[in-house]
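Reading through the structure tokens given below for one structure.
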Amino acid sequence: MIFITIDRSKSISLTQQIYDQVRNGILEKQLKEGEKLPSSRELAGSIGVSRNIVLEAYERLIAEGYLEVRPNSGTFVAQGTSLSFIERTKRIDAPRKMTENQTYIDFKAGNPAIDYFPRKKWAQLTKEICLHSTEAVFGYGDASGMKELKDALVVYLKRVRGVQCRAEQIFITSGATQGLKLITEMLGKDNKAIAVEDPVTDEMRNIFTFANADIIPVPVDENGIDPNGLPKQAPSFVFVIPSHQFPLGGILSIQRRLQLIEYAQKMNCYIVEDDYDSEFTYEGAPVPSIQGIAPNHVIYVGTFSKILSPGLRIGYVILPEELVDSFEKIKWFSDRHTSSLEQLVLAHFIREGYLDRHVRKMKKIYKEKRERLVAAIQQNFHNATIIGKSAGMHLVVEIPGIDFHSALIHKMEQFGVKVYPIEQYSLEKGKHKERIVMGYGGLSLEEMEKGVHLLRRMLEENGKAFFNGKTI
Ligand SMILES: Cc1ncc(COP(=O)(O)O)c(C=O)c1O
């Protein structure tokens, strides 16, 4: 038995506090397998919270497999929870150590909350698949990937993103990174020009540059790429992130989507749609993919790096039929195929509804993180504007009067906080000097709040040097 305590002065939600204590109790073996937990009513009464709060914490623990409900008996610690392979990842509450002599809270975008990876379910499925699959699974497979995963994706992507495709058009890749690298190689043979959103994530743009492409920047505003800025000469493809542009966070309007498709038809080029974190939309319904409107003109790229874990290295590319044969060769010569076992585990994870459950859970977590970060920014910087839609794992802040140039960013690191200026992602310099990206996916609530506080203190202390004399 463990004693659960609640601290209302903490910035952690009451549900999270109960969840953490029960989960840690199980992992640290203070709560034994098969041990009965107090009923939600009893626990709520003894710690002085509403029953719904306890129920929510229990539901999360049940969904993750730590607890199980036995009809007419109660809630128990589930079997198998004390196996040695479940190691607890420590939540890092102190600033992260980045180099030998430097510590800072890192607002790097695109880092998901990996401490929530569904280890137990994944381990269970891996064991089952490893023991019960046919021998063929352990030999070479198809370059395009495992049929089970492609079939699961056809259904899942149609339902959540409106994607229209047959399993034969899908290639499982080692993340979106490999997908984009191979697309660039395939389409770059005849035409090296690629129209790219500006600003855009340097990680993706560097893939194109590395492949010797000619980058043609196309301006982006708060509503995504501006089709009026597309080049007059046909590129091999236009690279867009329409569901939550990185970094500016805009969602491409339907009018612009149609203009983009018209452009691709007229120029006889492709649209490469990177849909990397579209599951996480916190207001309104997610806008369906462009691929669903124009499947013959769009190459759709997705990844499990954000919704599950970047360590899995599983992404996918969905191609118009005429590109399937070329892509098959290029993928085979690159790495033959992506790990079959891992693909089968993922296929089961999707088919049996665990992915939907995980996404629902993570959406709540990221939404709370975002709200807390927005609140901290607004409390500390009264004239700050938050830019971009309420989605994903990052937001953009504009603080009028502050030029976030590299010397300031460097000084902030020494002060204990790292943020990312939009200028770093821009090809045309000088348009976004007062804007920074702040990623919140992988940070705890405490880290975020501390980070914003440090940012303010640093700017106050160095106000004269960096600040144009306005009040924040
Ligand atoms: C725009 C964008 N798409 C996709 C990804 C994911 O890449 P991968 O699937 O290779 O991990 C990232 C990673 O940060 C990204 O910034």
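Give me the 1.4 Å probe accessible area per residue for the stretch 257-304, excluding ligands and nucleic acids, in Å².
On the way: 1710 Å² over 48 residues.
Ligands and nucleic acids excluded, the figure is 36 Å² per residue.
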FRET efficiency (Gln79, Ile293; Cβ distance; R0 56 Å; to 0.05) is 0.70
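Which value, in debye to the nearest 20, gives the size of the charge dipole of the chain about its Cα centre, when Lys and Arg are +1 and Asp and Glu are -1 at the Cβ? Don't skip to the answer; put the middle values down first.
Values: 61 positive and 59 negative charges, 206 e Å.
So the dipole magnitude of the chain works out to roughly 980 debye.
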Pop out the Kirkwood hydrodynamic radius of the stretch 190-278 from its pairwise C-alpha distances, inverse of mean 1/r, in Å to one decimal. 12.8 Å
Just the number, please: carbon plus sulfur as a percent of the accessible area of the stretch 358-472, 1.4 Å probe, no ligands or DNA/RNA counted. 50 percent
Which listed residue (Ile436, Ala167, Thr201) has the Cα farthest towards the positive end of the charge dipole for the chain, taking +1 on Lys and Arg C-beta and -1 on Asp and Glu C-beta about the Cα centre? Ile436
Computed label-point distance, nm, for sites Tyr282 and Asn72 using a 7 Å Cα→Cβ extension: 4.5 nm
Per residue convex hull volume, Cα only, the chain, in Å³ is 166 Å³
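Take the Cα radius of gyration of the stretch 122-352 and divide it by 2.2 N^0.38 Å, with N its residue count; two decimals is plenty.
Numbers: Rg = 17.4 Å, N = 231, 2.2 N^0.38 = 17.4 Å.
Here the Cα radius of gyration is 1.00 times the empirical estimate.
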If you count only protein heavy atoms with a 1.4 Å probe, what accessible area per residue comes out for the stretch 322-446, rounded to a whole Å²? 40 Å²
Percent accessible area from carbon and sulfur atoms, the stretch 14-87, protein chains only, probe 1.4 Å: 50 percent
Dipole check, the chain, charges on Cβ (K,R +1; D,E -1), about Cα centroid: among Gln424, Tyr263, Thr385 the Cα furthest to the positive pole belongs to Thr385
Express in % the proportion of alpha carbon pairs of the stretch 130-243 at distances exceeding 20 Å. 56 percent
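Under 8 Å for C-alpha pairs, at least 6 residues apart: give me the relative contact order for the chain, rounded to a whole percent. List each step's numbers first, then the result.
Details: 839 pairs, mean separation 87.8, N = 472.
The value is 19 percent.
Taking the Cα centre as origin and putting +1 on Lys and Arg beta-carbons and -1 on Asp and Glu beta-carbons, what dipole magnitude results for the stretch 93-240, to the nearest 20 debye?
Working: 18 positive and 20 negative charges, 105 e Å.
Computed charge dipole of the stretch 93-240: roughly 500 debye.
Of Ile170, Ile386, Ile254, which has the most accessible area and how do the rest follow, probe 1.4 Å? Mind showing how you got there, number by number?
On the way: Ile170 0, Ile386 45, Ile254 90 Å².
Largest to smallest exposure gives the sequence Ile254, Ile386, Ile170.
Report Rg/Rh for the stretch 14-87, rounded to two decimals, where Rg is the Cα radius of gyration and Rh the Kirkwood radius. Write down the numbers at each step before the final one.
Details: Rg = 11.7 Å, Rh = 12.3 Å.
Rg divided by Rh gives 0.95.
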Given a 1.4 angstrom probe, what's the average accessible area per residue across the stretch 14-87, in square angstrom? 49 Å²
Under unit Cβ charges (Lys, Arg +1; Asp, Glu -1), what dipole magnitude, rounded to 20 debye, does the stretch 14-87 have relative to its Cα centre? 220 debye
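Can you tell me the length gained on complete extension of the stretch Gln414 to Lys10, counting 0.36 nm per residue apart and subtracting the Cα distance? Before the final figure, lay out the partial values.
Details: separation 404, 0.36 × 404 = 145.44 nm, distance 2.73 nm.
Answer, rounded to one decimal: 142.7 nm.
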Got a number for carbon plus sulfur as a percent of the stretch 198-268's accessible area, 1.4 Å probe? 48 percent
If DNA, RNA and ligands are ignored and the probe is 1.4 Å, what is the ranking of Lys361, Lys189, Lys331, Lys431 by accessible area, most exposed first? Lys189, Lys431, Lys361, Lys331
Got a number for the accessible area of Phe117? Probe 1.4 Å, square angstrom, nearest 10. 50 Å²
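The values are calculated or read from the model by the stated rules, or taken from the named source; none is laboratory data. Small disclaimer: the values here were computed from a predicted structure and weren't measured. Virtual Cβ from ideal backbone geometry, glycine too; neighbours counted across all protein chains shown. Calculation scope for accessible area: heavy atoms of the full protein, side chains included, ligands and nucleic acids excluded. Shrake-Rupley method; radii C 1.70, N 1.55, O 1.52, S 1.80 Å.
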